[in-house]
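Some notes on the structure that comes next.
The values are calculated or read from the model by the stated rules, or taken from the named source; none is laboratory data. None of the values given here were measured: they were computed from a predicted structure. Note that we place each Cβ from the backbone using ideal geometry, even for glycine, and neighbour counts take in every protein chain shown. Each accessible area value is taken on the protein alone, full model and side chains, heavy atoms only, with ligands, DNA and RNA left out. Shrake-Rupley method; radii C 1.70, N 1.55, O 1.52, S 1.80 Å.
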Amino acid sequence: MLAQHRKPLLVFLLLLWTAGALGAAPPRAFARYLAECEKPTTEFFGIFLANQKVGYMSSVCRFVDKSKTQIRMETHMFMRVVVGAKEVSREVGQVEVYEAKPKGKLLQVTVLMKGDGGEQKLSGKRTAKGFEVVRERPGMPNDSLEPGAVLQNIEDANLPLLGFLQKAPLQGNQWDWTEFKSHRIETTMGKTQTRFVGGVHAPMQEVVLTSARDKLNVSYWFDEAGKLHEVELALGLRALAQPEAVAKTLDKVDLFNLVRVVLPKALSIKALQAPSVWNYTLKEFPQALAVSSPRQQFGPPKNGLQTLRVQALLPSHTQATFPLGDPEAGKNLEATSQIESKLPAVLSLAKKIVGKEKKAWAAAQKINQWVFKNIRKSYGASADTTQLILQQMKGDCTEHALLATSLLRSLGIPARRVNGLVYAPQEEDVPALYWHQWVEVYVGQWVEMDPTFGEGVASAGHIALGRELEAQMVQGFGQIRIVDVQQEPPSP
């Protein structure tokens with residue numbers, strides 16, 4: 001129920017695969033780009049978290065026909081870790097077929113997902129009416145999805161390589177097959193640096209891929225010939241080019257203990273509950289994760305230290321009735337391929353849970369408690385869609401948060417998932433914060449609640465570091481240090 005690790009890591013891997021639409025590449029650069037597919041060679045990368053191997057990736061491209069009018073690009077990812085004493089894995093494969101010409105259209109796509117998070121297959125093709133996608137899931141009827149305009153062409157498949165070949169910044173859009181949305185991205189030329197690769201020091205050129213959505217700067221390191229050797233997302237998280245056998249040799253990684261944030265002392269769970277205010281002192285904290293809100297305020301960094309004040313307070317606005325307007329122009333009321341809030345079964349269940357209640361705050365509390373009591377806590381039984389959660393009725397914190405968010409949105413109550421850290425003492429005598437996901441609901445004001453632990457107001461042991469599937473979360477894995485924690489005396 002504390003395992004939020006797999007989702008940010010998966011987003012990171014998808015970032016490595018995709019790029020964005022852009023203007024036509026210069027003929028010479030584009031010709032060299034296509035030349036990568038003349039003699040198809042599968043490239044492998046080992047994925048490291050805090051210097052431990054947690055997975056591997058592979059990619060290859062080849063021409064489909066002898067006339068070389070179409071190109072097929074294949075990527076594959078496998079990850080395996082230990083979560084809550086149980087070994088879990090996630091596998092994602094993607095095949096794309098493009099027109100082999102500048103601005104060549106994406107013609108077909110297949111995305112196959114297996115393991116932790118559920119199994120599904122997406123099969124898409126371009127038609128005269130637009131892109132059509134069929135989703136297949138075990139034990140469920142097939143869905144026909146309409147993603148709208150898929151802003152993706154052949155240049156999208158490897159924008160960092162094109163940036164390296166052109167030696168110029170590029171801009172475009174990144175298509176997300178999880179959320180079925182397009183996101184703006186850009187590449188810039190970074191620094192030239194001698195790096196240790198394959199047992200020798202060699203000059204490398206950095207190309208930086210920036211995503212406005214995820215607030216990430218991902219560094220791609222190419223040698224002088226244009227071969228990719230390393231992808232660096234953040235300190236402690238990277239992918240390295242390796243021979244196939246080496247890339248597929250993984251460590252046995254206990255993810256909880258690897259990325260947890262150890263505290264200088266044990267805290268009182270009761271004292272953390274609302275109403276309470278706590279102050280944390282952070283050392284060299286990643287500023288991309290400094291998410292300030294009325295609930296938590298970060299002080300300015302000084303001499304490598306930074307304060308964080310977290311207020312777990314009962315809401316002052318509890319009388320507003322739903323449906324409510326969303327302060328973010330409807331973003332937190334949308335139905336997505338994961339948050340299936342428009343399904344009749346979801347709305348029917350939400351209405352059954354809240355009964356005749358019309359006040360948003362009271363309705364949110366009922367949904368929070370229902371999810372807490374009815375979803376069985378289970379690791380390795382993960383599901384990435386509302387339907388699958390309702391089918392299996394078990395999961396960890398991500399399933400609790402996703403279901404609660406879907407139920408709230410179905411009633412017209414704005415809600416979003418929150419990613420961050422939570423204080424959750426384990427059997428071992430090591431006080432620590434663990435990666436977690438919970439829910440923020442708008443009831444006339446934003447209030448954070450935790451359906452995994454049944455907290456109507458999330459305790460001051462919750463530190464928010466991002467929302468929804470924001471990939472910048474990975475910058476905190478193994479990089480956050482807390483040197484002091486103190487409860488603030490109540491106001492007189």
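Quick notes on this structure:
- List Met473, Met140, ordered by accessible area with a 1.4 Å probe, largest first: Met140, Met473
- Other-chain or far-sequence residues with amide H under 5 Å of His462's (modelled H): Tyr423
- Which of Asp450, Asp223, Asp484 is most accessible, then next, and so on - probe 1.4 Å: Asp484, Asp223, Asp450
- Per-bin percent of Cα-Cα distances, the chain [10 Å]: 4, 19, 28, 26, 16, 6, 1, 0, 0
- Charge dipole of the chain (Cα centre as origin; +1 on each Lys and Arg Cβ, -1 on each Asp and Glu Cβ, all else neutral): 660 debye, rounded to the nearest 20.
- Apolar share of the accessible surface for the chain: 53 percent from carbon plus sulfur atoms, 1.4 Å probe.
- Under-5 Å amide H pairs with Thr321, H placed in peptide plane, nonlocal only: Ala360
- Positive dipole terminus of the chain, leading residue within Met77, Ile367, Ala458 (C-beta point charges): Ile367
- Oblate is the label for the stretch 416-486, because a/c, from the alpha-carbon gyration tensor with a ≥ b ≥ c as root eigenvalues, is 1.5 or above and a/b does not exceed b/c.
- Probe 1.4 Å, protein heavy atoms only - accessible area per residue of the stretch 441-492 in square angstrom: 32
- The lysines within cross-link reach of Lys356, meaning a Cα-to-Cα straight distance under 25 Å and a gap of 8 or more places when in the same chain, are Lys342, Lys366, Lys373.
- Rg(Cα) / (2.2 N^0.38 Å) computed for the stretch 273-326, rounded to two decimals: 1.50
- The stretch 129-266: Rg to Rh, with Rh as the Kirkwood radius over Cα pairs: 1.06
- Computed helical MRE - 222 nm, the chain, DSSP H runs ≥ 4 contributing -39500 (n - 2.57), nearest 500: -5000 deg cm²/dmol
- Rounded, prolate or oblate (a/c below 1.5 giving rounded, otherwise prolate when a/b exceeds b/c) for the stretch 329-409 by Cα gyration tensor: oblate
- Calculated from backbone phi, Karplus (6.51, -1.76, 1.60) coupling profile of the stretch 415-422 in Hz, x at Gly/Pro: 8, 8, 7, 10, 10, x, 10, 9
- Within straight-line reach of Lys283, meaning a Cα separation under 19 Å, sit the following aspartates and glutamates at least 8 residues removed in sequence or on another chain: Asp484.
- The Rg/Rh ratio of the stretch 56-175, with Rg taken over Cα atoms and Rh as the Kirkwood radius over Cα pairs, comes to 1.02.
- Ordered by solvent-accessible area of protein heavy atoms (1.4 Å probe), largest first, the residues Phe322, Phe131 come out as Phe322, Phe131.
- Long-range amide H partners of His183 with built H, under 5 Å: Gln174, Trp175, Asp176
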